[in-house]
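S.K.: Quick one: this structure, given as structure tokens, is what I'll be asking you about.
The values are calculated or read from the model by the stated rules, or taken from the named source; none is laboratory data. Keep in mind the model is a prediction, meaning the values are calculated, not measured. As a convention, Cβ positions derive from the backbone with ideal geometry for all residues, glycine included, and neighbour counts pool all protein chains shown.
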Amino acid sequence: METRFNAATATWGVRGTPTYRLEMFHDGLHKHRVIQARDADILRNKARVQAQQWDDLWRKQSSAARRVQQAFEAKEAKRLHIENQKEEAADRTAEAQSLLEALRLLLAAAIGRNAKLTWDHLKIKSDFPKARPEMPAVGPPPPAKKAPPAPDKTFGQYQPKLGFLDKILASRRRALVEEASRRFEQDLRAWEQECGRLAAEYEAELAAYRSRDAEIRRAHSDAVESWEKEKAEYFARQAQQHAAIDSLRQRYEAKDPEAIVDYCETVIANSDYPDCVSRDCEFEFNPENGVLIADFKLPAPDDLPTLTEVKYTQSSDALTEKHLSDAQQAKLYDDVLYQIVLRTVQELFQSDEVGAIVVVVFNGIVTSTDKSTGKEVTACILSLQASRDTFEAINLAKVDPKACFRQLKGVGSSKLHSITPVAPIMQMCREDRRFIQAYGVADQLREGSNLAAMDWEDFEHLIREIFEKEFSSAGGEVRVTQASRDGGVDAVAFDPDPIRGGKIVIQAKRYAHTVGVAAVRDLYGTVMNEGATKGILVTTSDYGPDAYEFANGKPLTLLSGSHLLHLLGKHGVQAHIDLVEARQLAQQRSNRE
């Protein structure tokens, strides 16, 4: 804002001496002054000096005002920043506390909730989410072109202007009349051409408008058709989903085993867990004894939240986090896992409307990083078997989850957070397509039978047979797989012992030479791929030092020829191993081939 001036005025005294007068203002400073001088230059200088003073004063005041305003704004911004940081800290603290509280009350939250599926609620009944395409506005058609007025022959410009001589001289009068007529004809033709041009221009615009209108209507029609098709497909999918739900309900009420599994998967998928719990669970149901096996993917220790509080420190303008101590984290993890076990069993029994489930076997599977190797490992760290009658007699609202788990004879380390593997009480997938019909071999053996030279397929069935005798006393089962000679699984044993049992992979090597580390590595890889708890390698010969070194500390057992003969003798089977003879026979077969 600057000084403004009115126009200068001059007055003359009685002696004819002028006096110059100038009125000046400064709106920002609310200043007003009238300056007078007898000389115009002096007046201008006085006005310039005064204006400079006012403008300087205004700039100083404005600068000071701006500094004050900036200081105020900075102070206000800092205040708002502090408030926002405090609010963020409070929100994050509340969120962290809420999540931890939800984890501590996992079991309590499920006790009062009905886990039974409401079949109708499973059906998707939402309206088609897309609105019907609207017809775009095309706009009005182009207006007709207004033609200019037609030339009128009666108008003055088309009338000949005749002078005195033109009136008495016919030739001159005729020439002027002809000139006026030509002018009229020329303007008439020009007018007709302009009318034609305007008509053609209008027709072109109208044609373009109609074409655009037709294109818009065609595009709208295509969009509506596409929308109708998509809508029909959407409701067709809904109808299919409804039919699938109805089918599942019918099969479930008929106690179809696959429907029981699908139903249980849906129950657990609908269970309200925090995001850190995956609800990823696989089921297997045996309709003959009503046993439901659930392999639940439990969270790893690092999956659970540890944040308890967020504080804002104004002096450092920083948010600081407070986390659970290691001991608190370990306690929370163990408590959460015990609650998940009991909650899952409770939901499965409670939701079982048709009474198909007699026993639930819960296997808690954890995938975590082994801190000693840095590799990802998957292990069962707890297992529980509970019958309906026993479980329903428990008042879950008042139990300590860990004590209840122990009371139900659950299997697991005393410190679940240590991720110590345990053998599941019962495992699923006992039926394997690779299993074939076994046949007996042991009764055909005599003392003179050389195990190292017998048929390799007979040798595999012998191993299956002798291990079946070994495990049968504990209720175990041994199945032989398809003969392939590919170094894969030759037999699978299922040991029900809750401490040392589980799935055991057995490989048989009828070798006449020392077994190298490669075969032991292959066995270990097979154990990992099969999800087995142990691997046993049986050979007619022996193993090299590197093989024993590799097996050390791993769930592997290496049985040499002498071990095999002892095991056979234990079950009354007589035979011997002659590696030299076996090598000679192998060489003879090779020569014949």
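S.K.: Taking the conditions exactly as written (closer than 30 Å to SER351 by Cα and surrounded by fewer than 14 Cβ atoms within 10 Å (Cβ to Cβ)), does LEU99 satisfy them or not?
M.R.: Values: closer than 30 Å to SER351 by Cα: yes; surrounded by fewer than 14 Cβ atoms within 10 Å (Cβ to Cβ): no.
No; evaluated as a whole, the condition is false for this residue.
S.K.: Can you confirm whether the range 214-221 contains a residue that is surrounded by 14 or more Cβ atoms within 10 Å (Cβ to Cβ) and hydroxyl-bearing (Ser, Thr, Tyr)?
M.R.: Quick first cut of the range 214-221, residues surrounded by 14 or more Cβ atoms within 10 Å (Cβ to Cβ) only: 216, 220.
Those left that are additionally hydroxyl-bearing (Ser, Thr, Tyr): none.
No, every residue in the range 214-221 fails to be surrounded by 14 or more Cβ atoms within 10 Å (Cβ to Cβ) and hydroxyl-bearing (Ser, Thr, Tyr).
S.K.: Identify all residues within the range 571-593 that are charged (D, E, K, R) and touching a helix residue (DSSP H, G or I) at 6+ places or on another chain (Cβ under 8 Å); write none if there are none.
M.R.: So in the range 571-593, the residues charged (D, E, K, R) come out as 578, 581, 583, 589, 592-593.
Of everything in the range 571-593, those that are charged (D, E, K, R) and touching a helix residue (DSSP H, G or I) at 6+ places or on another chain (Cβ under 8 Å) turn out to be ASP578, GLU581.
S.K.: If I filter the range 323-367 down to residues being over 16 Å from LEU408 (Cβ atoms) and assigned to a strand (DSSP E or B), which single residue comes out as modelled with the lowest pLDDT?
M.R.: Restricting to residues being over 16 Å from LEU408 (Cβ atoms) and assigned to a strand (DSSP E or B), the top hit is THR367.
S.K.: Can ARG251 be described as at pLDDT below 90, within 30 Å of SER351 (Cβ to Cβ) and either in a helix (DSSP H, G or I) or not small (Gly, Ala, Ser) (or both)?
M.R.: Values: at pLDDT below 90: no; within 30 Å of SER351 (Cβ to Cβ): yes; either in a helix (DSSP H, G or I) or not small (Gly, Ala, Ser) (or both): yes.
Spelling it out, it is not the case that ARG251 is at pLDDT below 90, within 30 Å of SER351 (Cβ to Cβ) and either in a helix (DSSP H, G or I) or not small (Gly, Ala, Ser) (or both).
S.K.: Is there a residue being surrounded by fewer than 20 Cβ atoms within 10 Å (Cβ to Cβ), at pLDDT 90 or above, assigned to a helix (DSSP H, G or I) and not hydrophobic (A, V, I, L, M, F, W, C) anywhere in the range 403-416?
M.R.: yes
S.K.: Out of the residues in the range 161-174 that are basic (Lys, Arg) and assigned to a helix (DSSP H, G or I), which is modelled with the lowest pLDDT?
M.R.: Going residue by residue through the range 161-174, those that are basic (Lys, Arg) are 161, 167, 172-174.
Checking the rest, the ones that are also assigned to a helix (DSSP H, G or I) come to 167, 172-174.
Working: LYS167: 74, ARG172: 82, ARG173: 80, ARG174: 85.
Among those that are basic (Lys, Arg) and assigned to a helix (DSSP H, G or I), it is LYS167.
S.K.: Right, next: Mind checking whether some residue in the range 62-85 is more than 29 Å from the chain's Cα centre (by Cα), surrounded by 11 or more Cβ atoms within 10 Å (Cβ to Cβ), aromatic (Phe, Trp, Tyr) and assigned to a helix (DSSP H, G or I)?
M.R.: The answer is no, given that none of the residues of the range 62-85 is more than 29 Å from the chain's Cα centre (by Cα), surrounded by 11 or more Cβ atoms within 10 Å (Cβ to Cβ), aromatic (Phe, Trp, Tyr) and assigned to a helix (DSSP H, G or I).
S.K.: Collect the residues in the range 103-125 that are farther than 15 Å from VAL267 by Cα, in a loop (DSSP other than H, G, I, E, B) and either in the same structural domain as TYR333 (by TED's automatic domain parsing) or of a type outside the set (Lys, Arg) (or both), keeping them in residue-number order.
M.R.: Here is the first cut: in the range 103-125, the ones farther than 15 Å from VAL267 by Cα are 103-109, 112, 124-125.
With in a loop (DSSP other than H, G, I, E, B) added as a condition, the list becomes 105, 112, 124-125.
Result: LEU105, GLY112, ILE124.
S.K.: Further, regarding this structure: Among the residues in the range 306-329, are any touching a residue at least 60 places away in the same chain (Cβ under 8 Å), more than 17 Å from SER278 (Cα to Cα) and of a type in the set (Lys, Arg)?
M.R.: Yes, because at least one residue in the range 306-329 is touching a residue at least 60 places away in the same chain (Cβ under 8 Å), more than 17 Å from SER278 (Cα to Cα) and of a type in the set (Lys, Arg).
S.K.: For the range 368-385, name all the residues that are among the hydrophobic types (A, V, I, L, M, F, W, C) and modelled with pLDDT under 90. I'd like the intermediate steps shown before the answer.
M.R.: Narrowing the range 368-385 to residues among the hydrophobic types (A, V, I, L, M, F, W, C): 377, 379-382, 384.
Those that are among the hydrophobic types (A, V, I, L, M, F, W, C) and modelled with pLDDT under 90: VAL377, ALA379.
S.K.: Cβ-Cβ distance below 6 Å, separation of 6 or more or different chains: which pairs start in the range 13-26 with a residue that is over 14 Å from ARG38 (Cα atoms) and at pLDDT 70 or above and end on one that is among the charged types (D, E, K, R) and part of a strand (DSSP E or B)?
M.R.: MET24/ARG33; PHE25/ARG4
S.K.: Does VAL520 satisfy being over 18 Å from ARG464 (Cα atoms), within 41 Å of the chain's Cα centre (by Cα), among the hydrophobic types (A, V, I, L, M, F, W, C) and surrounded by 15 or more Cβ atoms within 10 Å (Cβ to Cβ)? Show your work before the answer.
M.R.: Details: over 18 Å from ARG464 (Cα atoms): yes; within 41 Å of the chain's Cα centre (by Cα): yes; among the hydrophobic types (A, V, I, L, M, F, W, C): yes; surrounded by 15 or more Cβ atoms within 10 Å (Cβ to Cβ): yes.
Yes: the conditions hold for VAL520.
S.K.: Would you tally the residues in the range 130-160 being among the polar types (S, T, N, Q) and either in a loop (DSSP other than H, G, I, E, B) or not assigned by TED's automatic domain parsing to the domain that holds TYR202 (or both)? Even if it seems obvious, please write down each step before you answer.
M.R.: Applying the first criterion (among the polar types (S, T, N, Q)) to the range 130-160 yields 154, 157, 159.
Keeping just the survivors that are either in a loop (DSSP other than H, G, I, E, B) or not assigned by TED's automatic domain parsing to the domain that holds TYR202 (or both) gives 154, 159.
Summing the residues that are among the polar types (S, T, N, Q) and either in a loop (DSSP other than H, G, I, E, B) or not assigned by TED's automatic domain parsing to the domain that holds TYR202 (or both) in the range 130-160 gives 2.
S.K.: Go through (1) among the small types (Gly, Ala, Ser); (2) without any contact (Cβ under 8 Å) to a residue 24 or more places away in the chain; (3) farther than 30 Å from GLU230 by Cβ one by one and return the number of the condition ALA131 breaks.
M.R.: ALA131 satisfies all of (1) among the small types (Gly, Ala, Ser); (2) without any contact (Cβ under 8 Å) to a residue 24 or more places away in the chain; (3) farther than 30 Å from GLU230 by Cβ except (3).
Yes or no, residue by residue, for (1) touching a residue at least 60 places away in the same chain (Cβ under 8 Å); (2) within 18 Å of LEU106 (Cβ to Cβ); (3) not aliphatic (A, V, I, L, M):
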{"residue": "ASP352", "(1), (2), (3)": "no, no, yes"}
{"residue": "ILE357", "(1), (2), (3)": "yes, no, no"}
{"residue": "GLY364", "(1), (2), (3)": "yes, yes, yes"}
{"residue": "SER368", "(1), (2), (3)": "yes, no, yes"}
{"residue": "GLU376", "(1), (2), (3)": "no, no, yes"}
{"residue": "SER383", "(1), (2), (3)": "yes, no, yes"}
{"residue": "ALA386", "(1), (2), (3)": "no, yes, no"}
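S.K.: Ok, one more. Answer with yes or no whether GLU265 is more than 30 Å from GLU101 (Cβ to Cβ), in a helix (DSSP H, G or I) and among the charged types (D, E, K, R). Spell out the reasoning first.
M.R.: Details: more than 30 Å from GLU101 (Cβ to Cβ): no; in a helix (DSSP H, G or I): yes; among the charged types (D, E, K, R): yes.
So GLU265 does not fit the description; no.
S.K.: So, of the residues in the range 551-586 that are of a type in the set (Val, Ile, Thr) and outside any loop (DSSP other than H, G, I, E, B), which turns out to be surrounded by the most Cβ atoms within 10 Å (Cβ to Cβ)? Even if it seems obvious, please write down each step before you answer.
M.R.: Applying the first criterion (of a type in the set (Val, Ile, Thr)) to the range 551-586 yields 557, 573, 577, 580.
If we keep only those that are outside any loop (DSSP other than H, G, I, E, B) too, we end up with 557, 580.
On the way: THR557: 15, VAL580: 9.
My answer is THR557.
S.K.: Considering every residue within the range 260-267, establish whether at least one is in the same structural domain as VAL354 (by TED's automatic domain parsing), buried (at least 18 other Cβ atoms within 10 Å of the Cβ) and either over 25 Å from ALA108 (Cβ atoms) or more than 27 Å from the chain's Cα centre (by Cα) (or both).
M.R.: Initially, the range 260-267 is screened for residues in the same structural domain as VAL354 (by TED's automatic domain parsing), giving none.
No, the range 260-267 has no match at all.
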